[in-house]
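Student: First, the structure itself, so that you have it in front of you.
The values are calculated or read from the model by the stated rules, or taken from the named source; none is laboratory data. Worth saying up front: this structure is predicted, and the values here are computed from it rather than measured. Neighbour counts are summed over all protein chains in view; Cβ atoms, including those assigned to glycine, are modelled from backbone coordinates with ideal geometry. Side chains are part of the model used for accessible areas, which takes the heavy atoms of the whole protein and leaves out ligands, DNA and RNA. Shrake-Rupley method; radii C 1.70, N 1.55, O 1.52, S 1.80 Å.
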Amino acid sequence: MKPSQLQPTEYASYYGNYIAQVSEEYTLVEELEISLHRFIKFVQDIAMDKFDYRYAEGKWTIKDIIQHIIDAERVFAYRALRFARNDKTELPGFEENDYVAEANGNKRSIMELLTELSAVRHSTLLLFKSFNEEQLLRYGIASNNPMSVRAIGFVIIGHQNHHQKVFEERYL
C-alpha cells in the first residue's frame, strides 16, 4: 500500500503534511525500512559540531530532535498496536515539548541515538509486517481524532522526513 491509497478520513488533517512527504515509490513496509537507512546515512554525514547547535533561542538541537523522533515513533507504534488489536479505548495525545525536556537527548552521543532509533524502527517494522490487511484498515481514536493503523505507519515515515527537511533548512 502507498500513501495515495489513504482516505482523508483515516487521519487528522494536520498529519496530511507528514503523509505528503512519503514517497509513492515504495510500499509502507518497504519505506519504513528504506527511510531508516536514508536518515541514518544523512545524519552520519552531518559535521560533529552541528549536533548541539540551536538555530534560535529555545529551539531543539539535532540530538533533541532525533530523540523526539524516537519518542514519537514509540507513541505512534503503540497506537498502531492498540488499534490493530481492535482496542476501542480512546488514547490521549502527548506533549512533545515536555517529552523533549525530560528525555535529555542532547546529553547522549549521536551513535547512541542512532542505535536506539534503529532498534525502535526495527521493532516498528516487525510490528507492521505482522498486521494483515484487515488490521491495517482498523481505526482508533488518538488525540480526539480517528486514525487508521496504516495511516500511522505513513505518519511515522513522514514525521521523520519532515525533521530531516528541517535539519537541511535550518541547521546545516
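Student: Does any residue in region 110-135 that is within 23 Å of residue 53 (Cα to Cα) come within less than 6 Å, Cβ to Cβ, of a residue that is β-branched (Val, Ile, Thr) and crowded, with 17+ Cβ neighbours inside 10 Å six or more places away or on a different chain, and which pairs are these?
Tutor: 113/66; 116/70; 117/70
Student: If I ask for residues that are buried (at least 17 other Cβ atoms within 10 Å of the Cβ), among the small types (Gly, Ala, Ser) and closer than 21 Å to residue 40 by Cα, which ones from region 111-154 would you list?
Tutor: 153
Student: If residue 118 meets every condition in (1) modelled with pLDDT under 95; (2) farther than 17 Å from residue 162 by Cβ apart from one, which number is that one?
Tutor: (1) is the only condition that residue 118 fails.
Results for (1) more than 16 Å from the chain's Cα centre (by Cα); (2) of a type in the set (Phe, Trp, Tyr); (3) within 30 Å of residue 59 (Cα to Cα); (4) modelled with pLDDT of 95 or more, shown as yes or no for each residue.
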position: 131; (1), (2), (3), (4): yes, yes, no, yes
position: 136; (1), (2), (3), (4): yes, no, no, yes
position: 147; (1), (2), (3), (4): no, no, yes, yes
position: 151; (1), (2), (3), (4): no, no, yes, yes
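Student: Mind checking which residues of region 17-46 are over 30 Å from residue 7 (Cβ atoms) and without any contact (Cβ under 8 Å) to a residue 60 or more places away in the chain? Talk me through it step by step, then tell me what you get.
Tutor: The first filter runs over region 17-46 and keeps only residues over 30 Å from residue 7 (Cβ atoms), leaving 40-46.
The answer is 41, 45.
Student: Tell me, which helices (runs of 4 or more DSSP H) lie completely within region 1-110 with 2 or more residues that are open to solvent by 60 Å² or more (accessible area, probe 1.4 Å) and farther than 24 Å from residue 172 by Cα? Even if it seems obvious, please write down each step before you answer.
Tutor: Values: elements: 16-20, 28-44, 62-84, 96-103.
Output list reads 28-44, 62-84, 96-103.
Student: In region 87-104, is there at least one residue being among the β-branched types (Val, Ile, Thr) and closer than 18 Å to residue 10 by Cβ?
Tutor: Scanning region 87-104, I find no residue that is among the β-branched types (Val, Ile, Thr) and closer than 18 Å to residue 10 by Cβ, so the answer is no.
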